[in-house]
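Please treat every number below as a calculation from the coordinates, not as lab data. Model, not experiment: these values are computed from the prediction. Heads up, the Cβs are rebuilt from the backbone with ideal geometry, glycines too, and the neighbour counts pull from every protein chain shown.
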Amino acid sequence: MPFYEEIEIEDMTFDEDELKYWYPCPCGDKFMVTLEDLWGGEDVADCQSCTLFIRVVYEESDLRPLPDDVKIEDGDEESDKEKEK
């Protein structure tokens, strides 16, 4: 999939209420990706209003911590709570 752009996570805005990172799309809407998806290894943010995608460049150390009640669905990654068990 061709990306419109590669964006550093530091250049994105974090929505504390929705636990999503967003970045302005040239169509006027926003590219969005959830914190849970990023912790699960997903690095693609899409725009709901057009067909563009961006690649989010980040290290796990750049991410906000997941709330205790959120579990990662990806089978390759485990949440901190699961690792402690």
Q: Using DSSP to define loop residues, name the chymotrypsin sites (Phe, Trp or Tyr not before Pro) in the range 1-59 whose beta-carbon has at most 14 other beta-carbon atoms within 10 Å.
A: F3
Q. For V44, which sequence-distant residues (separation of 5 or more, or a different chain) have an amide H within less than 5 Å of its own amide H, given hydrogens modelled in the peptide plane?
A. V56
